[in-house]
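Notes follow once the structure below has been shown.
Here, each number is a calculation from the coordinates, and none is a lab measurement. Predicted model only: the values in this text are computed from it and were never measured. In this analysis, Cβ positions are derived from the backbone assuming ideal geometry, glycine residues included, and neighbour counts consider all displayed protein chains.
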Amino acid sequence: MADTVQQALRERLADDTTAIVHDTGTWTWREHLAHASAQASVLLSLVDRDRPVHVGALLGNTPDMLHAIAAAALGGFPLVGINNTRRGDGLARDIRRADCQILLTDPEHLPLLDGLELGDVRVVDVSSPEWADLVARTGDLEPFREVEAMDPFMLIFTSGTSGDPKPVRLAHIMVLFAGNNLVDRFSITTDDVAYLSMPLFHSNAILAGWCVSLCSGATMAPATFSASNFVHDIRRYGATYMNYVGKPLAYVLATPAQPDDADNPLRVAFGNEATDRDIAEFAERFACTVWDGFGSTESAVIITRDDGTPPGSIGRGLPGVAVYDAGTVTQCPPAEFDAHGALLNADKAIGELVNTQGAGFFSGYYNDREATDERLRHGMFWSGDLAYTDADGWIYLAGRTADWMRVDGENLAAAPIERILQRLPQLSRVAVYGVPDEHVGDQVMAALVLRDGTTLTPDEFTEFLCAQADLSPKAWPRYVRIAPDLPITATNKILKRELKAQGPTRGDGVLWKHRGGRYEPV
C-alpha cells in the first residue's frame with residue numbers, strides 16, 4: 001500500500017476511469033495525471049531549488065485546482081492552498097508567509113492581486129496560451145524529491161476564526177489515513193462520484209473529500225457551493241458522496257423543501273460542525289446518511305460520532321483525546337447535570353481538548369515556531385477548543401477558548417447555550433458570544449438567523465426560553481439580534497470576533513434587550 005500521495009497517484013497513471021467531471025469537460029485519471037505531471041515538470045524548471053520549493057494556488061473549485069494539487073504531489077513539493085476569500089494585505093501576507101515562489105491563478109482571481117506587494121513571487125495565469133504552450137512542450141517529469149510519509153503534502157491555512165490564519169503542514173500520510181478510513185467506512189468505489197463543493201484550499205475538502213477519490217478512484221465533481229443549486233448539482237453530476245464543514249447543511253435546509261428532494265443519487269454526507277437537528281433533517285429530506293465528526297485543521301485531535309452518540313455530543317475521541325484544565329494541566333472531571341440536564345459544574349468540567357499522546361499527525365505551523373510551541377505544551381497538543389465530557393466519556397463542545405463569558409461572577413461557555421437555542425423551530429443559524437457588561441465582566445448576546453418564511457416575536461422567544469428547563473437564568477441572552485445573515489469564513493464557520501466587535505449597538509437586523517423578564521425591541 002502506498003505511504004505517500006505521490007505513490008498513490010502514480011498507481012493511477014494508467015487508469016482510464018473518470019477522474020473529473022465538470023462543466024468545462026471530463027478527464028480520465030490517465031489524462032488528469034498526465035496534465036498534472038507536465039505541469040509539475042514546468043514548475044520545477046522555473047523554481048529556485050535553493051529556496052523552499054513552494055507553489056501557491058489562488059484558484060476556485062475547478063479542474064485547474066485539482067491539476068495543481070496532483071502536480072505538486074507528483075512533483076514532490078508542497079502546494080500552498082491560498083484562501084481566495086482573503087483580500088488586500090491579508091492575502092499578500094499569506095502568500096509571502098508561506099514563501100511561495102510561484103502563484104497559480106486564473107482570470108477570476110487575478111484581479112485580487114492588483115496593487116499587492118508580493119516581492120519576487122512569479123504569478124502564472126493557468127488559462128493563458130503561454131502557460132498552455134509551456135505545459136505542452138515540457139519533457140518527462142523528474143520529481144524534486146521522493147517524498148516520505150511525514151513530508152508536507154500541502155500547506156493549508158487555518159480558518160482564522162480566532163486570529164490570523166496560520167499555515168499548517170499537512171503530511172502525506174494523513175491524507176492516506178483519512179482517505180482509506182472513509183473509503184472503508186462508506187464502501188466507496190470507482191462507481192461513486194464525490195461532490196467537492198467545500199473550498200479545496202482547506203483541510204476539510206482534502207481530508208474529507210479529495211482523499212476519498214484518491215484512495216478509491218471515485219470521480220471528482222468540483223463545484224462552488226450553492227444552497228439553491230445543491231439538488232440540481234447532485235443530480236447532474238450523479239454525486240453519491242459529499243463532504244461539508246460549518247453550516248452548509250443549514251443553508252440547504254433553509255431553502256424551500258420540494259416533494260422530490262429525496263429523488264437524488266446521494267448516499268453519504270460526511271463532515272463536521274452540523275447540529276443534531278440539521279443532521280436529522282438533512283438525512284430525512286435527501287434520503288442519505290449524514291455522518292458528522294470533529295477534526296482540527298492540525299489533524300491532532302480527531303473525534304468520531306458512533307452509533308449511540310447522545311444528543312449534543314460530537315462523539316468519542318481517538319486514543320489520547322481528553323479534556324484538560326490549561327491552568328493545572330490536569331484532566332477535567334466529568335460534567336454533572338441536574339434533573340433537567342443543566343450543567344452544574346461548568347467551571348470544573350469545561351476545559352481544552354487535548355491530545356495527551358503528543359502532536360498526532362500535526363507537523364507544526366510553517367515558519368511559525370511560537371504558534372507551534374503554543375499548541376505543543378507539556379508534551380500534549382492543545383487545540384484551542386473548549387469541551388466537556390459526561391460520565392460515559394462522550395464529548396461535548398463548549399466553543400473556542402475565546403468563547404468563555406464571565407456573567408455575574410459565573411463562567412459560561414457559548415456552545416451549550418447555542419445547542420439549547422437550536423431547539424427553536426424557526427432557527428436556521430445562531431451565534432452566542434459575550435459583550436462587555438456596563439459594570440464588570442460580560443453579558444450574553446445571541447445573533448439569530450431565522451428560516452425563510454418564519455417569524456419570531458419577543459414574547460414567543462421569552463416563552464421558548466422559559467420552557468428550557470436546562471437553561472440557567474444567567475445564560476439567557478441580555479441582547480438578541482434577529483439578523484439577515486452572520487459573517488462567516490470561507491469554510492462556513494461563523495466569525496464571532498466580528499460579531500463581538502459590533503457589540504449590541506452595531507450590525508444589521510432587529511435588536512431586542514432583556515428587561516424585567518421579557519424581551520423588548522431596542
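Would you work out if region 213-314 is rounded, prolate or oblate? Take a ≥ b ≥ c from the square roots of the eigenvalues of the alpha-carbon gyration tensor; rounded if a/c is under 1.5, else prolate when a/b is larger than b/c, oblate otherwise.
Working: a/c = 1.78, a/b = 1.24, b/c = 1.44.
Here region 213-314 falls in the oblate category.
Which one, C466, G441, A501, projects farthest toward the positive side of the charge dipole computed for region 405-521 from Cβ point charges (K/R +1, D/E -1)?
Result: A501, furthest along the dipole toward the positive end.
Enumerate the whole-percent occupancy of each 10 Å bin, from 0 to the last occupied one, for all C-alpha pair distances of region 298-403.
The percentages, shortest bin first, are 15, 47, 29, 8, 1, 0.
As I understand it, the dipole of region 141-295 uses +1 on the Cβ of Lys and Arg and -1 on the Cβ of Asp and Glu, about the Cα centre. Which of W210, I188, Y241 lies farthest toward its positive end?
W210
Using DSSP to define loop residues, name the trypsin sites (Lys or Arg not before Pro) in region 484-516 whose beta-carbon has at most 12 other beta-carbon atoms within 10 Å. Working shown, then result.
Values: sites: K493, K496, R497, K500, R506, K513, R515; in loops: K493, R506.
Counting only loop positions with at most 12 other Cβ atoms within 10 Å, the trypsin sites (Lys or Arg not before Pro) in region 484-516 are R506.
Can you tell me which lysines have their Cα less than 29 Å from the Cα of K474? Leave out same-chain residues fewer than eight positions away.
Within the straight-line limit of under 29 Å, K474 reaches these lysines: K247, K348, K493, K496, K500, K513.
Compute the angle between helix 88-97 and the longest alpha-carbon principal axis of the chain, please, reported from 0 to 90 degrees and rounded to the nearest 10.
60 degrees
Helix-only mean residue ellipticity at 222 nm, the chain, DSSP H runs n ≥ 4 weighted -39,500 (n - 2.57), per residue, nearest 500. What is it? Walk me through the intermediate numbers first.
Values: 15 runs with 137 residues, N = 522.
For the chain, the value works out to -7500 deg cm²/dmol.
Give me the percent of Cα-Cα pairs in region 5-293 that sit more than 35 Å apart, rounded to a whole number. Show your work: numbers first, answer last.
On the way: 6589 of 41616 pairs.
The share of Cα pairs beyond 35 Å in region 5-293 comes to 16 percent.
I want the local charge near F186. Using Cβ-Cβ distances under 9 Å, sum +1 for each Lys or Arg and -1 for each Asp or Glu among the other residues.
Values: positive: R185, R267; negative: D184, D192.
Local net charge: 0.
How big is the charge dipole of region 44-105 about its Cα centre, in debye rounded to the nearest 20, if each Lys and Arg gets +1 on its Cβ and each Asp and Glu gets -1 on its Cβ? Spell out each step's value before the answer.
Numbers: 7 positive and 6 negative charges, 35 e Å.
Using Cβ point charges on Lys, Arg, Asp and Glu, region 44-105 gives about 160 debye.
Determine the dipole magnitude for the chain: charges of +1 sit on the beta-carbon of Lys and Arg, -1 on that of Asp and Glu, nothing else is charged, the reference point is the Cα centre, and the result goes in debye to the nearest 20. Walk me through the intermediate numbers first.
On the way: 45 positive and 70 negative charges, 137 e Å.
Result for the chain is approximately 660 debye, rounded to the nearest 20.
On a C-alpha basis, how far is the centre of region 225-271 from the centre of region 399-441 in Å? Whole number, if you could?
30 Å
Filter the trypsin sites (Lys or Arg not before Pro) in region 96-189 down to the DSSP loop ones having no more than 16 other Cβ atoms within 10 Å, then list what survives. Please report the intermediate quantities before stating the final value.
Numbers: sites: R96, R97, R122, R137, R145, R169, R185; in loops: R145.
Of the trypsin sites (Lys or Arg not before Pro), the ones in loops of region 96-189 whose Cβ has at most 16 other Cβ atoms within 10 Å are R145.
Dividing the alpha-carbon radius of gyration of region 325-470 by 2.2 N^0.38 Å (N being the number of residues), what value is obtained? Don't skip to the end; give the middle numbers.
On the way: Rg = 17.9 Å, N = 146, 2.2 N^0.38 = 14.6 Å.
It is 1.22.
Bin by bin, in steps of 5 Å, what percent of the Cα pairs in region 252-300 do you find, going until the bin that has the longest distance?
Percent of Cα pairs in each bin: 5, 19, 28, 22, 12, 7, 4, 2, 0.
Take every Cα-Cα pair in region 279-359 and report what % of them are more than 20 Å apart. Let's see the in-between values first.
Working: 1532 of 3240 pairs.
Looking at region 279-359, the distances longer than 20 Å represent 47 percent of pairs.
Test of understanding: given the chain, find the longest segment containing no GluC sites (Glu not before Pro) that are in a DSSP loop and have at most 15 other Cβ atoms within 10 Å. Write down the numbers at each step before the final one.
Working: sites that count: E11, E108, E117, E146, E148, E336, E438.
Excluding the exposed sites themselves, the longest stretch runs over 149-335.
Let me know the shape class of the chain, please: from the alpha-carbon gyration tensor, a ≥ b ≥ c as square roots of the eigenvalues, rounded when a/c is under 1.5, otherwise prolate if a/b is greater than b/c, or oblate.
Values: a/c = 1.77, a/b = 1.63, b/c = 1.09.
Verdict is prolate for the chain.
Rounded, prolate or oblate: which fits region 405-521 when a ≥ b ≥ c are the square roots of the eigenvalues of the alpha-carbon gyration tensor, with rounded for a/c under 1.5 and prolate only if a/b beats b/c?
Details: a/c = 1.38, a/b = 1.07, b/c = 1.29.
Rounded is the answer for region 405-521, as its axis ratio a/c remains below 1.5.
Return the long-range amide H neighbours of F337 (sequence gap of 5 or more, or a different chain), with a cut-off of under 5 Å between placed amide H atoms.
Amide H neighbours of F337: L344.
How big is the Kirkwood radius of region 22-136, worked out from every pair of different alpha carbons and given in Å to one decimal?
It works out to 14.4 Å.
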